[in-house]
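Engineer: Here it is, the structure in full.
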Amino acid sequence: MKQSRTLNRVGYIRASFVMLISAFSLILVIMPTPSQSRGAGESLADLVEQISPAVVNIVTTVTLPSTTGQGPLVPEGSPLEDLFKDFQDGQQDQSRRRGNALGSGFIISADGYIVTNNHVIVDSDEILIEFFDGESLVATIVGRDEKTDIAVLKVESELPLSFVQFGDSDIARVGEWVLAIGNPLGQGFSVSAGIISARNRSLNGSYDDFIQTDAAINRGNSGGPLFNMDGQVIGVNTAILSPTGGSIGIGFSMSSAVVSKVVDQLIEHGETRRGWLGVRIQDISEDIAVALNLDATTGALVTDVLDGPAGDAGVLPGDVIITFDGIEVEGTRALVRMVGDADVGKAVRVVVIRDGKSQTFLVDLGRLEEAVLTSLSPPVSDDIPEFNTNGLTLGALSAENLNQFGLGDYTEGVLIMDIDAASVAFDKGLRAGDIITEIGQQPITSPADIDTRIATAKAGGRTSILLLVHRDGDKRFVALSLVD
């Protein structure tokens, strides 16, 4: 049975649809023509009447698991064994139940394309679209995208359907009025109004770009539209922040800037086709900027280069990407969005800062969905003894040491065997089990290399030095202070 997802201090839950055993009446809504902006004191009735026929109620049918117990047992080989087996099989067949789950969606074309959340329809056996006028049609899945939680459905209608259009969420301003329409808590067609509380919110995904609103959003609103005052869809209602599961005025809608691109790809290809650069990146903190002699913390620091487009073009770990395809890179989120939105196969210019100088590379983008990450070679044994420096107890990447921390597939660098909790390295987040592969953007091959590089940096008047650290398959740079 589908679980709704609510965001609270512990974790987050989608503002999803309500599980019901009987189907509710329909919902919702249509395509408007743009209208003039409305103030807080003006009626929204005309706008609601315009757009309501393009909003739909989505009823999905799911098969619920069997609840039948094991039942009585008979000895193997008993004459009653076959009888009991037939009895238990019959009981299990009878116990398979079918339930309904409710969500929301909206029509985006006269020929029946419908947008909703992926979690509304995933694992469904049947999807029924209920229209504002009471009619119903069975829908098929055109495509879905787990990364943005968006799905596109299709119905076949004898008559053209009323529909709504996407607006430009990038020009939406905090404080502007919005409408949320959907099927909250299975109550059927319902409208709520509020303002945009914030923009560019990120919850837990690489491609997140949520609009935060205080318009009431509850379970069952999932997949429904968030309208601006011109009747255009600027968001898809997806999640809420709530300690109780009900609306407390903090709802999140995936922005149309993200959704419209995903929808176009799903309709054209049945799947997404995102650009792929082939690097791992991290944001640049103040101390990392100092260690790299950078003037600002903008850009994205490359922590790893995979076997892919960027590596083929010459990008290296430690490079700071400052522009992508002619656009300045503010940080990692911005770069991920830009690369993902770029066309697969497109040749783009990537400008990086390396050793204080800018370099430009022409990169032929790959496709994220086809990217295959290559694993490193098996670990090798090394009998170099442990080495202590700057609160770190360092060891070689021997099979024994790696197995001690449940690690594998590493052949380069040194392993942190232990760390002093009072050390600067501990304050910076280093922990036992981390693997250091570079210091001062130079590879290291033995524990003693770290002590040598730190001593050299101090003698040269450096106040910090960069360490490239591996943990749980990810890489990140840590700026280690050298000031005593």
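Engineer: Counting only residues 5 or more places away or on other chains, whose amide H sits under 5 Å from the amide H of Val142 once H atoms are built in the peptide plane?
Structural biologist: Close amide H contacts, sequence-distant or interchain: Val152, Leu153, Lys154.
Engineer: Across segment 115-223, what fraction of all alpha-carbon pairs, as a whole percent, falls in each successive 10 Å bin from zero upward?
Structural biologist: Computed distribution, short to long bins: 12, 38, 38, 12, 0.
Engineer: Sequence-distant or interchain residues sharing an amide H contact under 5 Å with Asn388, placed H: which?
Structural biologist: Amide H neighbours of Asn388, under 5 Å, 5+ apart: Leu394.
Coordinate-derived values only; no laboratory data. What you are looking at is a predicted structure, and each value in this text was computed from that prediction instead of being measured.
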